[in-house]
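Where a number appears in this text, it was derived from the coordinates with a stated rule and is not lab data. On a predicted model such as this, the values are computed, not experimentally measured, just so you know. Here the Cβ positions follow ideal geometry from the backbone for every residue, glycine too, while neighbour counts run over all protein chains shown.
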There are 2 protein chains.
Amino acid sequence: VIVARVRRTLRERALFVRGERVLVACSGGPDSAALLHVLHRLAPELDLALSAASVNHGLRPDADRDVGAARALSERLGVPFAALAVTVRGEGASLQAKAREARYEALADEARRVGASAIAVGHTMDDQAETVLGRLLRGSGVAGLAGIEPKRADGVVRPLIDCRRADVHAYAARHELPVVADPSNRDSSYERVRLRHEVVPILLREDARAVEHLARLADDARGLREFARSAAGELLAEAAVDGGLDARVLREAPAAVRAEALSRWLHESTGTRAGRAHLDAIERALASRGECLLPGGWLVRLSGRVLTIRHEPDVPTRSRRRRGSE
Amino acid sequence: VIVARVRRTLRERALFVRGERVLVACSGGPDSAALLHVLHRLAPELDLALSAASVNHGLRPDADRDVGAARALSERLGVPFAALAVTVRGEGASLQAKAREARYEALADEARRVGASAIAVGHTMDDQAETVLGRLLRGSGVAGLAGIEPKRADGVVRPLIDCRRADVHAYAARHELPVVADPSNRDSSYERVRLRHEVVPILLREDARAVEHLARLADDARGLREFARSAAGELLAEAAVDGGLDARVLREAPAAVRAEALSRWLHESTGTRAGRAHLDAIERALASRGECLLPGGWLVRLSGRVLTIRHEPDVPTRSRRRRGSE
């Protein structure tokens with residue numbers, strides 16, 4: 001059932017092209033072991049060439065065991081395998097972020113080395129549901145609900161994104177794949193592990209298909225986000241005037257598109273991402289000829305009919321605020 | 001704090017117009033009692049005239065007590081009050097739906113009688129968060145996340161939609177309003193009460209602002225839905241050809257807009273709402289020149305470049321299916 005499901009995911013989400021070489025990222029855990037095994041079965045019909053790699057961050061004493069399991073499976077399947085080592089320093093959430101970044105960098109290097117144009121990683125539908133749930137609770141807005149991308153622009157793809165984790169684990173057990181105990185419980189943040197083991201089971205008690213529904217929501221949100229983004233691009237082009245954006249054109253746009261357009265405009269102007277509170281402040285400036293000061297000393301202001309942004313790092317926030325409320 | 005918050009909600013969401021008469025629906029519980037009290041305080045500055053009404057479904061022996069509490073508060077505030085009686089028959093979920101429908105009908109009649117152009121009801125931010133959560137778990141897609149409408153086209157408005165339930169209850173207690181124990185726990189479905197008392201507290205343990213985030217998501221989703229709807233209307237106009245819709249125009253549209261447009265087209269053609277599974281089936285028909293039979297004997301088919309729908313109630317589903325897979 002997993003094989004058929006992955007075949008359908010690959011086709012419907014257009015994850016691979018025929019004749020491509022795919023680098024499969026193997027953690028030693030059951031998710032990525034099943035991924036490598038399934039792709040190995042599908043490779044002939046899809047005309048794919050496979051390589052495998054595992055990344056050792058040097059953060060855990062049992063990393064050698066993880067790499068060993070991944071190597072054993074690759075050898076059993078006759079897939080070329082590389083053990084990549086990276087060095088990461090830091091603590092807590094920052095360490096996890098750095099480890100993730102270093103892992104994807106090492107995989108990208110290895111992909112270039114072996115001539116792979118795609119990197120397959122083992123995230124499942126459960127990972128997607130947990131991501132969506134975490135974003136929901138933290139308050140991401142609809143755009144954040146898009147969750148994990150099944151196919152990233154940089155070549156990272158997720159063939160198991162439509163498979164339940166339990167089914168994937170059962171597949172790994174049925175085929176007696178050499179695996180270590182699920183490393184994703186060790187590699188994930190404390191928050192994520194708690195969502196997985198404490199919150200999701202309660203949601204599943206409310207609706208047995210809650211994981212499918214959360215994951216499907218991600219696809220829905222991604223579709224709407226793409227649409228809002230393309231409309232936002234058109235809005236920015238239409239509103240562009242010398243020195244800023246035409247306020248009247250912005251005001252007449254649908255709120256969802258305006259928010260996306262303002263967010264992109266700020267990012268392009270300042271190089272940083274604006275939070276929702278800043279977007280709300282700009283909306284207020286736009287509605288009532290005000291101004292607002294963003295972090296880093298960026299001043300957004302409605303001057304006549306034009307919304308402008310300029311860098312005024314030397315003016316202290318407090319005096320700006322006072323001026324803004326004149 | 002509640003008064004200021006409601007004032008802001010009324011302004012930002014444009015719930016009332018000056019000089020309007022508002023009928024406040026009072027259940028006897030603390031939410032609607034606080035609503036009536038707050039609106040009574042805001043009435044002079046907003047130039048609103050108030051009436052109050054409570055609806056007795058005749059379903060509970062203690063309904064007289066609920067009505068009595070609502071009447072006592074109205075008399076204390078000098079607001080004209082009417083006790084409305086409706087008769088509802090049925091069982092379980094169907095009974096609840098009928099009671100809700102009968103309640104809103106009785107309120108609409110009373111609003112006409114007293115010359116009120118708006119009906120204010122006491123739903124809070126917590127009701128909104130519970131609605132969004134329920135839709136998430138049942139799998140509604142982004143459109144369903146819009147949740148409870150703060151302002152319905154038929155004049156029903158929700159001034160407490162940006163207030164937490166606990167703050168509203170504290171307000172009712174502080175002003176010693178005559179209330180019965182929260183009737184919303186009795187009037188809600190078992191599922192809703194379980195979400196409220198078992199699931200939401202666990203989410204709040206993960207993020208103390210989870211209720212705000214879920215409620216804010218509803219606003220976000222509503223904005224995107226409005227945008228998708230208006231784009232879907234344009235798409236339907238553009239795709240309209242003699243006998244159906246131009247398949248090429250549909251295929252080139254963003255998926256989110258196409259889904260919304262197909263949903264509306266089906267509703268206008270058949271009078272019923274299509275579920276997600278039907279929309280998926282039509283997407284497949286559109287992609288590969290197939291056909292699909294919808295409940296009620298509606299056949300959607302790609303004929304050349306045109307997507308058509310027609311009523312063929314006499315053809316059994318099974319033979320249709322076979323024909324479809326030829």
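Using alpha carbons only, how many degrees (0 to 90, rounded to 10) separate the axis of helix A:276-288 from the longest principal axis of chain A? The angle comes out at about 30 degrees. The orientation-averaged projected area of the convex hull spanned by the Cα atoms of the stretch B:133-242 comes to 10.1 nm².
Distances, shortest first, from the label point of A:HIS175 to those at the same position in the other copies read 6.6 nm; the point lies 7 Å along Cα to C-beta.
Highest mean packing comes first when the peptides A:95-101, B:215-221 are listed by Cβ atoms within 10 Å, giving B:215-221, A:95-101.
Per residue, the protein assembly as shown reaches -17500 deg cm²/dmol at 222 nm when only DSSP H runs of four or more residues are counted, each adding -39500 (n - 2.57). Counting Cβ atoms of other protein chains within 10 Å of each residue's Cβ and taking the mean over peptide A:205-212 gives 4. Note on A:GLU149 and B:LYS151: with the Förster distance fixed at 22 Å, the Cβ-Cβ geometry gives a FRET efficiency of about 0.05. So how tilted is helix B:165-174 from the main axis of chain B? Cα-based, degrees 0 to 90, rounded to 10. On a 0 to 90 degree scale, this one is about 20. Distances between copies of B:ARG305, taken at a point 7 Å out from Cα along the Cα→Cβ vector and listed shortest first: 4.0 nm.
Taking other residues whose beta carbon is less than 12 angstrom from the beta carbon of A:ALA208, and scoring Lys, Arg as +1 and Asp, Glu as -1, yields +1.
Across the stretch B:91-104, coupling constants 3J(HN,Hα) worked out from phi with the 6.51/-1.76/1.60 Karplus curve, θ = phi - 60°, read 9, x, 5, 5, 5, 4, 5, 5, 5, 4, 4, 4, 5, 5 Hz, and Gly and Pro carry x. Beta bridges from DSSP with both residues in the protein assembly as shown: antiparallel share about 50 percent, rounded to the nearest 5. The residue among B:LEU136, B:LEU286, A:VAL168 whose Cα reaches farthest toward the positive pole of the charge dipole of the protein assembly as shown, with charges on the beta-carbon of Lys, Arg, Asp and Glu, is B:LEU286. Using a cutoff of 8 angstrom between alpha carbon atoms and counting only pairs six or more residues apart, the relative contact order for the stretch A:124-242 works out to 41 percent.
Summary of packing: across the peptides A:144-151, A:78-85, A:17-24, the per-residue average of other C-beta atoms within 10 Å ranks them, highest first, as A:144-151, A:17-24, A:78-85.
Each of A:VAL3 and B:ARG251 was given a label point 7 Å from its Cα along the Cα-to-Cβ line. The distance between the two points is 3.2 nm.
When DSSP beta bridges are restricted to pairs lying wholly in chain B, around 50% turn out antiparallel.
Ordering of A:197-207, B:304-314 by packing is A:197-207, B:304-314, highest average first (other Cβ atoms within 10 Å, averaged per residue).
Projecting 7 Å from Cα along the Cα-to-Cβ direction, the label point of A:THR87 sits 8.6 nm from its equivalents in the other copies, listed shortest first.
Approximating the spin labels as points 7 Å out from Cα along Cα→Cβ, the A:LYS98-to-B:LEU95 distance works out to 6.3 nm. As a calculated quantity, the FRET efficiency between B:GLU105 and A:ASP280 at R0 = 51 Å, using C-beta atoms, amounts to about 0.85.
Scanning residues 5 or more positions from B:TRP298 or on other chains, those with amide H under 5 Å from its amide H are B:GLU312, with H placed 1.01 Å from N in the peptide plane. For a straight C-alpha distance cut-off of 20 angstrom, no lysines are reachable from A:LYS98 once same-chain residues fewer than eight places away are disregarded.
Rounded, prolate or oblate: which fits the stretch B:37-172 when a ≥ b ≥ c are the square roots of the eigenvalues of the alpha-carbon gyration tensor, with rounded for a/c under 1.5 and prolate only if a/b beats b/c? Judged from the Cα gyration tensor, the stretch B:37-172 comes out oblate (a/c at least 1.5, b/c at or above a/b). Remark: mean inter-chain Cβ contacts per residue of A:224-232 equal 5, using a 10 Å Cβ-Cβ cutoff to other protein chain atoms. Relative to the longest principal axis of the C-alpha atoms of chain B, give the angle of the C-alpha long axis of helix B:210-239, reported between 0 and 90° and rounded to the nearest 10°. Between helix and principal axis, roughly 40 degrees. Among residues other than B:ALA53 with Cβ under 13 Å from its Cβ, the summed charge is +1 (Lys and Arg +1, Asp and Glu -1).
Between A:ALA72 and B:SER288, the simple spin-label model (points 7 angstrom out along Cα→Cβ) gives 4.1 nm.
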